[in-house]
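Step one of this worksheet: look at the structure below.
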């Protein structure tokens, strides 16, 4: 692989297997149903705006991805906010700036379609992800996520 050549492009339906494989390598667990639903929503609706990207190496191999959604009226929020819900970089290609490049392209893409704020959720006890998002200019929000165990 030519480490200096990374191309970011919009995700396509044909990227499913590559995204699933990267996620499985990162988490050491397979989540095909999760990604099946994500891809169905992403590519099965004419109303859905493309917000997900992949990173390809110089050989055209997908080595990373970022997925998100626009708020379409949830919580009374319309289009000016979006959520980054999934990001993954193949462990064999981490620490090469691919995640940062994905985040920057994701932000630029969303800005072009009118988004002003992007949020994501990170487990408070996951210092690697907190560091990654902090290094990419994310900061704690002014709202708090509440939950109730059942």
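The values are calculated or read from the model by the stated rules, or taken from the named source; none is laboratory data. Quick caveat, the model's predicted, so the values are computed rather than measured. Virtual Cβ from ideal backbone geometry, glycine too; neighbours counted across all protein chains shown.
The residue pairs whose first member lies in the stretch 138-150 and is under 24 Å from residue 128 (Cβ atoms), whose second member is part of a loop (DSSP other than H, G, I, E, B), and whose beta carbons are closer than 7 Å, counting only pairs six or more residues apart or on different chains, are 138/120; 145/121.
So is residue 149 out of contact with any helix residue (DSSP H, G or I) (no Cβ under 9 Å at 6 or more places or on another chain), surrounded by 11 or more Cβ atoms within 10 Å (Cβ to Cβ) and part of a loop (DSSP other than H, G, I, E, B) or not? It is false that residue 149 is out of contact with any helix residue (DSSP H, G or I) (no Cβ under 9 Å at 6 or more places or on another chain), surrounded by 11 or more Cβ atoms within 10 Å (Cβ to Cβ) and part of a loop (DSSP other than H, G, I, E, B). Go through the residues of the stretch 90-106 one by one and say whether even a single one is modelled with pLDDT under 90, farther than 21 Å from residue 21 by Cα and either in contact with a strand residue (DSSP E or B) (Cβ under 7 Å, 6 or more places away or on another chain) or surrounded by fewer than 11 Cβ atoms within 10 Å (Cβ to Cβ) (or both). Within the stretch 90-106 (the criterion being modelled with pLDDT under 90, farther than 21 Å from residue 21 by Cα and either in contact with a strand residue (DSSP E or B) (Cβ under 7 Å, 6 or more places away or on another chain) or surrounded by fewer than 11 Cβ atoms within 10 Å (Cβ to Cβ) (or both)), the answer is no, since none of the residues qualifies. Restricting to the stretch 111-126, what's the tally of residues that are loosely packed, with under 11 Cβ neighbours inside 10 Å and not in a loop (DSSP other than H, G, I, E, B)? Looking only at that region, the number is 1. Close contacts from the stretch 124-137, counting a first residue that is touching a residue at least 24 places away in the same chain (Cβ under 8 Å) and a second that is in a helix (DSSP H, G or I) and surrounded by 11 or more Cβ atoms within 10 Å (Cβ to Cβ), with Cβ to Cβ under 7 Å and a gap of 6+ residues or different chains, come to 132/99; 136/100; 136/103.
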